[in-house]
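All remarks here apply to the structure that follows.
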Amino acid sequence: MLAAHADGVAGAAARGRGVLRGHRQRGLRLWPFLGPAFIACVAYIDPGNFATNVAGGSKFGYTLLWVIVASNLMAMLIQTLSAKLGIATGQNLAEVCRERFSHRTAIALWLQAEVIAMATDLAEFLGAALGFHLLLGISLFPAAVITGVAAFAILGLQRFGFRPFEATIAAIVGFIGVCYLGEIFKANPPLGTVAHHAVVPQFAGKESVLLAVGILGATVMPHVIYLHSALLQNRIRPETDEQARTLMRFTRVDVILAMTIAGLINMAMLVMAASVFFKSGLVHVGSLETAHRTLRPILGGGSSTLFALALLASGLSSSTVGTLAGQIVMQGFIRRQIPVIVRRLVTMLPALVVVGIGVDPSRTLVISQVVLSFGIPFALVPLVLFTSRRDVMGVLANHRATTVAAAVVAALISGLNIFLLVQTFSGL
């Protein structure tokens with residue numbers, strides 16, 4: 001996969017090297033550096049985000065908008081560090097862990113990362129199947145089969161190089177944004193109230209605190225940390241320290257643009273739910289199916305169609321990215337890989353079994369997010385540790401303030417996920 005990535009971005013890399021060397025380039029100088037963060041940002045608008053944002057908006061109105069803003073700022077920092085590791089070392093996070101930790105530790109990290117990647121992919125695949133189910137009115141099992149075919153088609157774009165794949169994922173992200181722009185236009189929320197709650201932290205009782213913890217604690221997806229570092233490791237290799245710094249500046253812009261779009265989409269999800277469900281007194285919209293069904297009589301059939309299309313696009317893109325992340329994890333930790341098509345088949349099977357035996361897909365989404373929570377510290381802590389070391393990062397080593405901020409974010413997110421796990425299992 002990494003070799004395909006290197007081949008696919010050769011043209012963009014050549015233009016990027018020209019920019020770093022100070023050569024005049026036709027077109028936007030930033031263009032060769034855009035793409036990786038847009039693939040990473042897909043993890044932040046996956047079906048799990050749909051579920052939490054709809055729940056937050058329907059139960060507490062606009063109150064928790066600030067949580068999404070805070071979460072997005074944290075995500076920007078973490079994804080920037082992941083990209084920086086790939087640029088500075090020419091390796092992805094899994095490879096650095098393999099080299100810097102003991103063999104036993106690397107194997108343990110690989111095993112847990114594989115479990116997390118599969119749990120994540122299960123949720124995202126189910127989300128796409130649910131999108132087909134809602135959109136076409138077919139049962140879940142044939143919807144899951146169609147999802148598998150569509151996922152293979154998207155993965156097949158890599159045959160034409162990685163740049164078309166990046167463009168496709170970015171287009172899907174844009175499509176999700178357009179769908180929610182249409183939803184917001186129909187819902188017509190009070191923009192002043194939205195702006196107020198986006199920057200003023202507040203809660204509405206104990207349950208809102210728990211939901212805020214859920215939104216904030218599930219901010220960072222472990223698999224996309226590994227993936228983002230891989231997308232940058234051989235994309236454009238800087239030849240001097242100054243070029244490395246310049247490349248990092250362009251990469252930050254890529255991250256900020258992509259994560260800002262993802263953050264706005266997440267905010268739009270919550271604002272739509274608040275404007276439609278909370279305002280109408282429908283505070284118990286407990287599943288994505290209920291949200292879809294309830295939108296039609298309130299905002300019209302077009303709104304429910306947009307919702308289903310956005311969910312479908314989210315599930316397909318995030319599931320594809322999850323499959324690629326699984327390749328990175330295996331290749332990085334144990335220097336082995338299986339064909340991406342085989343991995344896609346393997347990760348499809350649990351979802352098909354879950355759908356085939358009639359398990360509630362929304363409940364499965366929740367359980368998969370709990371499993372995912374276990375893996376967050378195992379990706380975040382090594383990332384912060386390695387990016388703070390000059391012997392690993394060279395001139396791109398974190399400034400002390402960056403390390404402190406990253407450590408606080410890592411501790412906060414890890415602690416919140418532990419809290420979520422305790423709350424989840426104590427309630428069983």
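Determine whether region 93-116 contains at least one residue that is out of contact with any helix residue (DSSP H, G or I) (no Cβ under 6 Å at 6 or more places or on another chain) and crowded, with 24+ Cβ neighbours inside 10 Å.
No, every residue in region 93-116 fails to be out of contact with any helix residue (DSSP H, G or I) (no Cβ under 6 Å at 6 or more places or on another chain) and crowded, with 24+ Cβ neighbours inside 10 Å.
Does any residue of region 212-227 turn out to be in contact with a His (Cβ under 7 Å, 6 or more places away or on another chain) and closer than 29 Å to ILE341 by Cα? Spell out the reasoning first.
Quick first cut of region 212-227, residues in contact with a His (Cβ under 7 Å, 6 or more places away or on another chain) only: none.
No: zero hits.
For the condition at pLDDT 90 or above and assigned to a helix (DSSP H, G or I), what is the one hit in LEU126, LEU134? Spell out how you get there, then give the answer.
Working: LEU126 fails: at pLDDT 90 or above.
After applying the criteria, what remains is LEU134.
Among the numbered criteria (1) surrounded by fewer than 23 Cβ atoms within 10 Å (Cβ to Cβ); (2) touching a helix residue (DSSP H, G or I) at 6+ places or on another chain (Cβ under 9 Å); (3) modelled with pLDDT under 90; (4) under 30 Å from ALA411 (Cβ atoms), which single criterion is violated by VAL209?
Only one criterion in (1) surrounded by fewer than 23 Cβ atoms within 10 Å (Cβ to Cβ); (2) touching a helix residue (DSSP H, G or I) at 6+ places or on another chain (Cβ under 9 Å); (3) modelled with pLDDT under 90; (4) under 30 Å from ALA411 (Cβ atoms) is unmet by VAL209, namely (2).
Given the criteria at pLDDT 85 or above and either under 19 Å from MET76 (Cβ atoms) or under 20 Å from the mean Cα position of the chain (by Cα) (or both), does VAL178 qualify? Steps first, please.
Numbers: at pLDDT 85 or above: yes; either under 19 Å from MET76 (Cβ atoms) or under 20 Å from the mean Cα position of the chain (by Cα) (or both): yes.
The answer is yes for VAL178.
Being more than 26 Å from LEU421 (Cβ to Cβ) and surrounded by fewer than 19 Cβ atoms within 10 Å (Cβ to Cβ) is the filter here, so list the residues in region 375-392 that pass it.
So the first thing to find is which residues in region 375-392 are more than 26 Å from LEU421 (Cβ to Cβ), and the list is 387-392.
ARG389, ARG390, ASP391, VAL392 - these are the residues of region 375-392 that are more than 26 Å from LEU421 (Cβ to Cβ) and surrounded by fewer than 19 Cβ atoms within 10 Å (Cβ to Cβ).
Could you list all residues from region 340-358 that are closer than 19 Å to TYR226 by Cβ and out of contact with any Asp or Glu (no Cβ under 8 Å at 6 or more places or on another chain)? Spell out the reasoning first.
The first filter runs over region 340-358 and keeps only residues closer than 19 Å to TYR226 by Cβ, leaving 340, 343-344, 346-347.
Those that are closer than 19 Å to TYR226 by Cβ and out of contact with any Asp or Glu (no Cβ under 8 Å at 6 or more places or on another chain): VAL340, ARG343, ARG344, VAL346.
Under the condition of being crowded, with 20+ Cβ neighbours inside 10 Å and polar (S, T, N, Q), which residue from region 227-263 is farthest from LEU93 (Cα to Cα)?
That would be THR251.
Go through (1) within 14 Å of THR52 (Cβ to Cβ); (2) modelled with pLDDT under 90; (3) among the small types (Gly, Ala, Ser); (4) assigned to a helix (DSSP H, G or I) one by one and return the number of the condition SER303 breaks.
Every listed condition holds for SER303 apart from (1).
Can you list residue pairs whose Cβ atoms sit under 6 Å apart, with the first residue in region 147-170 being at positive phi and the second being assigned to a helix (DSSP H, G or I) and modelled with pLDDT of 85 or more? Count only pairs 6 or more apart in sequence or on different chains.
Hits for this filter: zero, empty list.
Does region 124-142 hold any residues that are closer than 14 Å to LEU352 by Cβ, small (Gly, Ala, Ser) and touching a residue at least 24 places away in the same chain (Cβ under 8 Å), and which are they?
ALA128, ALA129
Could you say whether any residue in region 211-229 is farther than 19 Å from PHE307 by Cβ and among the aromatic types (Phe, Trp, Tyr)?
yes
Show the residue pairs meeting these rules: Cβ distance below 8 Å; 6+ apart or different chains; first residue within region 191-210 and assigned to a helix (DSSP H, G or I); second residue among the basic types (Lys, Arg).
Final answer for the pair search is GLU207/LYS59; SER208/LYS59.
Please state which one of LEU299, LEU282, LEU270 is in contact (Cβ under 8 Å) with a residue 24 or more places away in the chain and within 22 Å of the chain's Cα centre (by Cα).
Numbers: LEU299 fails: within 22 Å of the chain's Cα centre (by Cα); LEU282 fails: within 22 Å of the chain's Cα centre (by Cα).
Answer to the check: LEU270.
Are there any pairs, at least 6 apart or on different chains, whose C-beta atoms fall under 7 Å, with the first in region 373-400 and under 17 Å from GLY90 (Cα atoms) and hydrophobic (A, V, I, L, M, F, W, C) and the second modelled with pLDDT of 95 or more and in a loop (DSSP other than H, G, I, E, B), and if so, which?
Hits for this filter: ALA397/SER388; ALA397/ARG389.
Okay, residues lined up against (1) modelled with pLDDT under 70; (2) crowded, with 24+ Cβ neighbours inside 10 Å; (3) out of contact with any Asp or Glu (no Cβ under 9 Å at 6 or more places or on another chain):
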position: GLY8; (1), (2), (3): yes, no, no
position: GLY11; (1), (2), (3): yes, no, yes
position: ARG15; (1), (2), (3): no, no, yes
position: VAL19; (1), (2), (3): no, no, yes
position: ALA40; (1), (2), (3): no, yes, yes
position: ASN53; (1), (2), (3): no, yes, yes
position: LEU65; (1), (2), (3): no, yes, yes
position: MET74; (1), (2), (3): no, no, yes
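Outside any loop (DSSP other than H, G, I, E, B) and within 15 Å of SER58 (Cβ to Cβ): is that true of THR246 in this structure? Reasoning before the result, please.
Details: outside any loop (DSSP other than H, G, I, E, B): yes; within 15 Å of SER58 (Cβ to Cβ): no.
So THR246 does not fit the description; no.
How many of the residues making up region 47-105 are among the β-branched types (Val, Ile, Thr), more than 27 Å from LEU385 (Cβ to Cβ) and either more than 22 Å from the chain's Cα centre (by Cα) or outside any helix (DSSP H, G or I) (or both)?
1
Test of understanding: among PHE165, PHE152, which residue is more than 23 Å from ASN266 (Cβ to Cβ), touching a Ser or Thr at 6+ places or on another chain (Cβ under 9 Å) and either in a helix (DSSP H, G or I) or modelled with pLDDT of 85 or more (or both)? Walk me through it before giving the result.
On the way: PHE152 fails: touching a Ser or Thr at 6+ places or on another chain (Cβ under 9 Å).
After applying the criteria, what remains is PHE165.
Would you check if GLY332 is under 18 Å from ALA43 (Cα atoms) and among the small types (Gly, Ala, Ser)? Step through it out loud before you land on a result.
On the way: under 18 Å from ALA43 (Cα atoms): no; among the small types (Gly, Ala, Ser): yes.
No: the conditions fail for GLY332.
Quick test of your reading of the structure: LEU191 fulfils all but one of (1) surrounded by fewer than 19 Cβ atoms within 10 Å (Cβ to Cβ); (2) in contact with a Phe, Trp or Tyr (Cβ under 9 Å, 6 or more places away or on another chain). Name the failing condition by number.
The single condition LEU191 does not satisfy is (2).
The values are calculated or read from the model by the stated rules, or taken from the named source; none is laboratory data. Since the structure is predicted, the reported quantities are computational estimates derived from the model, not experimental observations. FYI the Cβ positions are ideal-geometry reconstructions off the backbone, even for glycines, and counts take in every protein chain you see.
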